[in-house]
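A short write-up of the structure that comes next.
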Amino acid sequence: MPGSPAEVKLVSNAMANATRRKIMAMLVEKDRTHEEIEKTAGASMLDYHLQMLQQAGLADVKEGMVSLTEFGKNFMETKAEKPAEAKADLKGTKPLQVTEVRQLLPCIADASKFRIIARAEPALGGALKLLEPLFPRARYSERIGALIIQKGNILITLYSTGNITLTMIGSEDEARAILEGLKETINEAIAKGVTPVPRERVKVDHTEVYKYLPKTDCKICGEQSCYSFAIRLVGGETALEKCTPLLEPRFATSLETLRALREYL
Ligand code: SF4
């Protein structure tokens with residue numbers, strides 16, 4: 001399993017290309033022959049793309065058959081989540097249990113921190129959206145069917161399928177403590193059986209946005225500094241997408257956090 005920053009970079013580079021993402025999506029369904037992949041993903045540079053996936057430890061090629069490695073399967077598991085049908089209340093929702101906690105990869109932004117994957121049973125499905133008001137900083141994403149909760153630097157993504165990812169975690173024990181707190185908060189609401197009342201939106205100020213910017217003052221965004229970019233972003237006078245340095249793999253976690261914070265602006 002990839003662990004060092006260099007190995008993490010190989011994974012990021014491998015998944016940064018649309019053809020390679022397409023190949024990975026095909027392999028999630030089943031192992032494929034070289035020819036099958038060529039028909040769908042095209043012949044152009046196919047060997048190079050497969051080599052990139054192999055180097056990243058995501059896929060294996062043996063005797064003309066291409067398959068996902070165990071790491072590749074785990075990696076794709078965290079990507080493929082489907083929105084669930086919305087529920088009107090918490091009636092009939094069963095209490096949550098955390099059944100699995102695994103350390104996946106060091107975070108791209110900070111190699112001393114980890115990305116953790118966990119699993120909760122039963123899956124909350126459409127009831128998940130109703131739980132958004134329970135957390136001071138949380139938003140439900142219809143697109144991925146997940147509740148995204150911010151706790152300091154840590155982002156917790158709870159999918160309606162029961163999968164959970166946590167970023168910027170210091171240790172597995174820290175992850176377990178966070179998940180225990182999450183479980184207690186959710187189960188308390190389920191036990192009451194009433195849908196939490198909508199809460200007031202938390203306001204995010206420019207100093208918090210600034211914390212997650214690259215702080216290079218490169219001016220690519222058209223502003224004189226990252227600080228002035230943060231002020232204008234909070235004021236609705238510019239867009240996060242204008243800071244293109246954030247697309248670099250080393251800022252992936254910061255970008256994820258900024259996208260979550262943007263929901264509160
Ligand atoms: S593009 Fe990003 S890193 Fe560069 S000055 Fe603007 S906010 Fe800072």
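The values are calculated or read from the model by the stated rules, or taken from the named source; none is laboratory data. Just so you know, these numbers come straight off a predicted model, no measurement behind them. With ideal geometry, Cβ positions are generated from the backbone for all residues, glycine too; neighbour counts draw on all protein chains shown.
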Sort out which residues of the range 10-36 are of a type in the set (Val, Ile, Thr) and in a helix (DSSP H, G or I), and write them in order of number.
11, 19, 23, 28
Going by the conditions given, is residue 208 in contact (Cβ under 8 Å) with a residue 60 or more places away in the chain and either within 12 Å of the ligand (Cβ to nearest atom) or in contact with a Leu (Cβ under 8 Å, 6 or more places away or on another chain) (or both)?
no
Selection within the range 148-158 - over 17 Å from residue 77 (Cα atoms), touching a strand residue (DSSP E or B) at 6+ places or on another chain (Cβ under 6 Å) and free of Cβ contacts under 8 Å to residues at least 40 places away in the same chain:
149, 154
Using the structure shown, decide if residue 215 is outside the structural domain of residue 122 (by TED's automatic domain parsing), out of contact with any Lys or Arg (no Cβ under 8 Å at 6 or more places or on another chain) and within 11 Å of the ligand (Cβ to nearest atom).
yes
Let me spell it out: the conditions are (1) on the phi < 0 side of the Ramachandran plot; (2) assigned to a loop (DSSP other than H, G, I, E, B); (3) in contact (Cβ under 8 Å) with a residue 12 or more places away in the chain; (4) outside the structural domain of residue 113 (by TED's automatic domain parsing), and residue 161 meets all of them except one. Which number is the exception?
(4)
Qualifying positions in the range 37-60 - part of a helix (DSSP H, G or I) and at pLDDT below 85:
39, 40, 41
Could you check the range 218-261 and list, in sequence order, the residues that are within 9 Å of the ligand (Cβ to nearest atom), buried (at least 20 other Cβ atoms within 10 Å of the Cβ), of a type outside the set (Gly, Ala, Ser) and within 12 Å of residue 206 (Cα to Cα)?
226, 229, 233
